[in-house]
Amino acid sequence: MEREEAIRKLQESVGEENVLFSDVDLTLYGYDASLEKGRADAVVLPGSTDQVSLVVRLAYQEGIPIIARGSGTNLSGGTVPVRGGIVLHFSRMNKILEVDIPNRTVTVEPGVITLDLQTMLLKQGFLYAPDPASQKVSTLGGNVGENSGGPHCLKYGVTTNHVLGAEVVLYDGTVTWIGGKNPDNPGYDLMGLIVGSEGTLAIATKIILRIIRAPEAIKTMLAIYDSIEDASNTVSAIIAEGIVPATLEMMDHVVMEAVEKSVQAGYPLDAAAVLIIELDGLKDGLDRQAAKVLEICKRHNVREIQLARDEAERARLWAGRKGAFGAVTRLRPCYMVCDGTVPRTKLPEVLNQVMEVGKKYGLLIGNVFHAGDGNLHPLILFDERDEAEKNTAMKAASEILKICADAGGTISGEHGIGIEKLREMNFIFTEDDLETMRKIKRAMDPKDVLNPGKVIPN
Amino acid sequence: MNDVILRELEEGLGADNLMAESSELSAYSVGSVSPGAVVFPGTIEEVAHIVKVAAENNLAIVVRGGGTKMGLGRDPERMDILLCTSRLGKVTDMDTANLTVTAQAGMRFADIQGALAGEENRCYLLVSPNGREQDEVCFEREHGGCFVPLDPPFPDMATLGGIVAANSSGPRRLLYGTVRDMLLGVRFVNAEGKIIGVGGKTVKNVSGYDVSRLIIGSMGTLGVLCEMTLRLLPLPETAATTVMGFRSLDDAFSLVDAIMASQLTPAAIELFGKKTGVRLTPQLQEIGGGDGCFVAVLAEGASEVVERIGADTLDMGARAGSLESVILKGDDHLSFWHDYYQLGRSDHGNGPKEIVVRVSCPISRLKELLGKAMNESAALGLASDIFAHAGSGVGRIIIREKEEGDGFKERVLKWMGRLLELCISISGNLVVEGAAYPWKGELPIWGISRPEHDLMERIKQGMDPAGIFSPGRYVGGV
Ligand SMILES: Cc1cc2nc3c(=O)[nH]c(=O)nc-3n(C[C@H](O)[C@H](O)[C@H](O)COP(=O)(O)OP(=O)(O)OC[C@H]3O[C@@H](n4cnc5c(N)ncnc54)[C@H](O)[C@@H]3O)c2cc1C
Ligand SMILES: Cc1cc2nc3c(=O)[nH]c(=O)nc-3n(C[C@H](O)[C@H](O)[C@H](O)COP(=O)(O)OP(=O)(O)OC[C@H]3O[C@@H](n4cnc5c(N)ncnc54)[C@H](O)[C@@H]3O)c2cc1C
């Protein structure tokens, strides 16, 4: 089919105003938060499941790639149209369809912004737990696509632990439901398979999420250290002592410096690292638990501990953490974030090796990460306009992922493979393992229409 | 089975680990089907060898773990080889500092928990109260041990592979979740006899497709699970159980609703029939009324938390009209749960025959589902009992055959038909877990067909195109 004709058909399906194909639009939708670039042939803003189905059916018939897109904040090139095609941008499908308190669920369209849902729920005393640092912008569809994590996932689990079901559009435009409010259907866990599949197996058009009661009490602490090693040892020790905090986040001095320049969260500029430790639950016993954490920190040479006295102070401590990625661009124009994850006892050793890589290549590396989960985020800082430096940064990133894989970890904890980490998949998988994934992809998308070229190397 | 194949199997396994005498085989039948051979591999490589031989000769393989759930599902269409995992019984990596454990498929669940808790911390184990010395009970002490936060029934028998393959769960799913919330990685043998590894040792992992989750609940139809990595939690400081008796299902559920609406975080809220209740809690006098039932609320965690949950539950229970209540601690608490995890087991012994049906539905519809199911069974003259994970929307209904009464089968079929309709009307579903009758095949064993069934068939077709794994056993024949 000619491009003009395809566009006309799309316009018929979703309305003229909801198909974008100007030069500027196509270039804009060629990016996401990663460093990769591509170019779409058309961008469609669907308003309903039926429209998604029509567009996907057309794409299937014509063999045009379909790339689902939320806010494009993923860090792995997951929404970059590497082979052209139609970008399905879910900004118009952004309604919270149902809040079902008795069944502890909400049903949303994929374009709902994560934080919007969370703010609405909190007013009613409930939580949707997964809280990626990008929650102000990211969509729930994107969270499902990447199986996103966040600071509170240490205690509450990642996105997949909170997705009960979804209405999905399959490769040929068929609409079907997977899972639902019923907790226990016999059969394969297809929902579990689709979460984190980066839009390559199915496209979610409605999502049923689990919600939980907001905890009765929260204690947020900032522990300040003069050495990274002491901070990482504290992380292991807290867990070993039988405490599972809601969060255990770490930041090093490079990141703190950047954060202080932008949001003034009150982090000490002369410290080597800080931990944000949050405990939550019933108020009973929480003080004793906090005292125990304090004692563990002391045992590991903490310099100082600040306890947030009220919600405003808590918000201030968190503002720095949540704004950290954005803030580092004050130091250098670009960053590349490695999402390698290791068993948490390996943190001190792996962090050292990461810093060695930085030294070796003469690159500035900042660390801000989900320490409790062993999920590192070394931010390699560089300038994209300097082609040589960019290449060095990419080499360093790959080396860091290798270090994580060799330490018994993995190459991505929450950001996904996309196209950026395709080459590193063989650090952790054999060809037979990858072939298993290809079989699944072929079973669910035989003509390779859904986000082709992502997740599994050819 | 022909000698060439047997010799090939034997080469990889040793003669001791292969059984092919027909006199021995009947003990290993699944339903009415006897295997052509039984194999006992001791390593993953041996499993791969067996599957390779099977794939080359188009032989069907059924896997057996502890055998507690072999009655579940249809009889296999073919079963040339029964693969027993009993020799795959090792913990391969115990990393309590990272809160992960890796163990082989044939390991019994209670043994894994035992290994994790360590000698010092046996108190958390739901071992038989008789087989344990008094001073080993250590309720108020600080622990270093860990546990797999999963509590499938029959922990002394069920194996890790069987639990994952059957997606088994228990009361404490309310607080800790189900297998999908703690399985981090799997090594399995696929239909070509290749060893496949997915997932890993980290709690966060989005590298490639989440094949581990796909494997959960696959009932041996996608591959032979050999080794699994699970996340652990530190042992709770203490635990206690509040049990209360109620006049009616309605009263009992008003306690359940009150707890669910509160900020309390109990590990389990179980609801069960009067007969079960009286047997499990001799501390309570028999409560009056024909429709009476019990609720047990399990609290685990810091001692202050356990105290608070107990106290608040008593208050809420009183407001819901409880007739009697008791807080079980220490030995009483242990033996209550020990017995609870054996409910529904008589199917395996020589007791009266029974039919066990698992029902599930959106949490808020469980009361209606259980109430109506009981009424229907009473109307048909069938003796039934229930126990349910009341805060999770999952329940079990047991129909006991009192005597070889007239038309038992017809009444059961009629009841099952009504139950199925009821499930459809409230977005629920059912699975027949046990029914050792020749007419089992007439029951809706896997409940209501699901909209995503088509996709399951595609996956099965993609991963096991020749259909060598458990043919015909599972949902819609996948
Ligand atoms: C500053 C910053 C901080 C971040 N912090 C975190 C963090 O703490 N934790 C974390 O996990 N991630 C984090 N991220 C990464 C990113 O925000 C998450 O991956 C997020 O979930 C992406 O959401 P999105 O709406 O932007 O999705 P997009 O980037 O638009 O899409 C992500 C993937 O999902 C697919 N997709 C989108 N919609 C659908 C749909 N409806 N159905 C099927 N597939 C779909 C896309 O095809 C793509 O593969 C961060 C990113 C930035 C820029
Ligand atoms: C009457 C009754 C009541 C029950 N009540 C409950 C309950 O309350 N809650 C609950 O969750 N479950 C319940 N179950 C299910 C049962 O307890 C669990 O499924 C059990 O944990 C399975 O473990 P097993 O080792 O005995 O498995 P088996 O019975 O040996 O096997 C179970 C299934 O998994 C397959 N399998 C076993 N091992 C492997 C492997 N390594 N690789 C691939 N496939 C394998 C088998 O082929 C079989 O289909 C009940 C079962 C019965 C019969």
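The values are calculated or read from the model by the stated rules, or taken from the named source; none is laboratory data. Just so it is clear, the model here is predicted, and its values are computed rather than measured. Cβ placement follows ideal geometry from the backbone for every residue including glycine, while neighbour counts extend to all protein chains displayed.
Any chance the stretch B:166-184 includes a residue that's at the interface with another protein chain (Cβ under 8 Å from one of its Cβ atoms), more than 9 Å from ligand 2 (Cβ to nearest atom), under 29 Å from B:His389 (Cβ atoms) and not in a loop (DSSP other than H, G, I, E, B)? Scanning the stretch B:166-184 turns up at least one residue that is at the interface with another protein chain (Cβ under 8 Å from one of its Cβ atoms), more than 9 Å from ligand 2 (Cβ to nearest atom), under 29 Å from B:His389 (Cβ atoms) and not in a loop (DSSP other than H, G, I, E, B). Taken over the stretch A:151-160, the criterion of being facing chain B (nearest Cβ under 10 Å) and either under 24 Å from A:Gly72 (Cβ atoms) or part of a strand (DSSP E or B) (or both) is satisfied by A:Cys153, A:Val158, A:Thr159, A:Thr160. Scanning the stretch B:185-230 for residues that are touching a residue at least 12 places away in the same chain (Cβ under 8 Å), more than 14 Å from ligand 2 (Cβ to nearest atom) and of a type in the set (Lys, Arg) gives B:Lys194, B:Lys201, B:Arg213. For the stretch B:1-58: of the residues being under 28 Å from B:Ile445 (Cβ atoms) and of a type in the set (Val, Ile, Thr), which is nearest to the chain's Cα centre (by Cα)? The selected residue is B:Val30.
Check A:Leu347, A:Leu279, A:Leu351 and return the single one that is surrounded by 22 or more Cβ atoms within 10 Å (Cβ to Cβ), farther than 21 Å from A:Ser262 by Cα, within 27 Å of the chain's Cα centre (by Cα) and more than 13 Å from chain B (Cβ to nearest Cβ). If you could, list the steps in order and put the result at the bottom.
On the way: A:Leu347 fails: more than 13 Å from chain B (Cβ to nearest Cβ); A:Leu279 fails: more than 13 Å from chain B (Cβ to nearest Cβ).
Only one candidate passes the filter, namely A:Leu351.
Looking at the stretch B:386-400, is at least one residue without any contact (Cβ under 8 Å) to a residue 60 or more places away in the chain and on the phi > 0 side of the Ramachandran plot? Yes, the stretch B:386-400 has at least one match. When restricted to residues that are crowded, with 21+ Cβ neighbours inside 10 Å, assigned to a helix (DSSP H, G or I) and within 16 Å of ligand 1 (Cβ to nearest atom), the stretch A:405-424 contains 0.
Could you check, for the stretch B:231-253, whether at least one of its residues is within 16 Å of ligand 2 (Cβ to nearest atom) and under 30 Å from A:Gly418 (Cα atoms)? Steps first, answer last, please.
First pass over the stretch B:231-253, keeping only residues within 16 Å of ligand 2 (Cβ to nearest atom): none.
Taking every residue of the stretch B:231-253 in turn, none turns out to be within 16 Å of ligand 2 (Cβ to nearest atom) and under 30 Å from A:Gly418 (Cα atoms).
Residues of the stretch A:231-261 that are closer than 30 Å to B:Val305 by Cβ and over 23 Å from the mean Cα position of the chain (by Cα): A:Ala231, A:Asn233, A:Thr234, A:Ser236, A:Ala237, A:Ile238, A:Ile239, A:Ala240, A:Glu241, A:Gly242, A:Ile243. In the condition set (1) surrounded by fewer than 24 Cβ atoms within 10 Å (Cβ to Cβ); (2) within 14 Å of chain B (Cβ to nearest Cβ), A:Asp386 is compliant with all but (2). Of all the listed residues (A:Ala42, A:Ala68, A:Ala6), the sole one being touching a helix residue (DSSP H, G or I) at 6+ places or on another chain (Cβ under 7 Å), more than 30 Å from A:Lys421 (Cα to Cα), among the hydrophobic types (A, V, I, L, M, F, W, C) and crowded, with 16+ Cβ neighbours inside 10 Å is A:Ala6.
Selection of the stretch B:192-226 for residues being buried (at least 23 other Cβ atoms within 10 Å of the Cβ) and more than 7 Å from chain A (Cβ to nearest Cβ) yields B:Ser212, B:Ile215, B:Met219, B:Gly220, B:Thr221, B:Leu222, B:Gly223, B:Val224, B:Leu225, B:Cys226.
The rows are residues; the columns are (1) touching a Leu at 6+ places or on another chain (Cβ under 6 Å); (2) more than 18 Å from A:Leu209 (Cα to Cα); (3) among the aromatic types (Phe, Trp, Tyr); (4) near ligand 1 (Cβ under 10 Å from one of its atoms).
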residue: A:Gly84; (1), (2), (3), (4): no, yes, no, no
residue: A:Glu109; (1), (2), (3), (4): no, no, no, yes
residue: A:Leu127; (1), (2), (3), (4): no, no, no, no
residue: A:Thr139; (1), (2), (3), (4): no, no, no, yes
residue: A:Gly150; (1), (2), (3), (4): no, no, no, yes
residue: A:Ile178; (1), (2), (3), (4): yes, no, no, no
residue: A:Lys181; (1), (2), (3), (4): no, no, no, no
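Restrict the check to the stretch A:176-193 and report whether at least one residue is away from ligand 2 (no atom under 16 Å from the Cβ), at pLDDT 95 or above and more than 9 Å from chain B (Cβ to nearest Cβ). Checking the stretch A:176-193: not a single residue is away from ligand 2 (no atom under 16 Å from the Cβ), at pLDDT 95 or above and more than 9 Å from chain B (Cβ to nearest Cβ).
Matching residues to (1) in contact with a strand residue (DSSP E or B) (Cβ under 7 Å, 6 or more places away or on another chain); (2) closer than 30 Å to A:Gly199 by Cβ:
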residue: B:Cys226; (1), (2): yes, no
residue: B:Leu230; (1), (2): yes, yes
residue: B:Pro236; (1), (2): yes, no
residue: B:Thr242; (1), (2): yes, no
residue: B:Val256; (1), (2): yes, no
residue: B:Pro266; (1), (2): yes, no
residue: B:Lys274; (1), (2): yes, no
residue: B:Val278; (1), (2): no, no
residue: B:Gln283; (1), (2): yes, no
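Against the list (1) within 16 Å of ligand 1 (Cβ to nearest atom); (2) more than 9 Å from chain B (Cβ to nearest Cβ); (3) on the phi > 0 side of the Ramachandran plot, the condition A:Val368 fails is (3).
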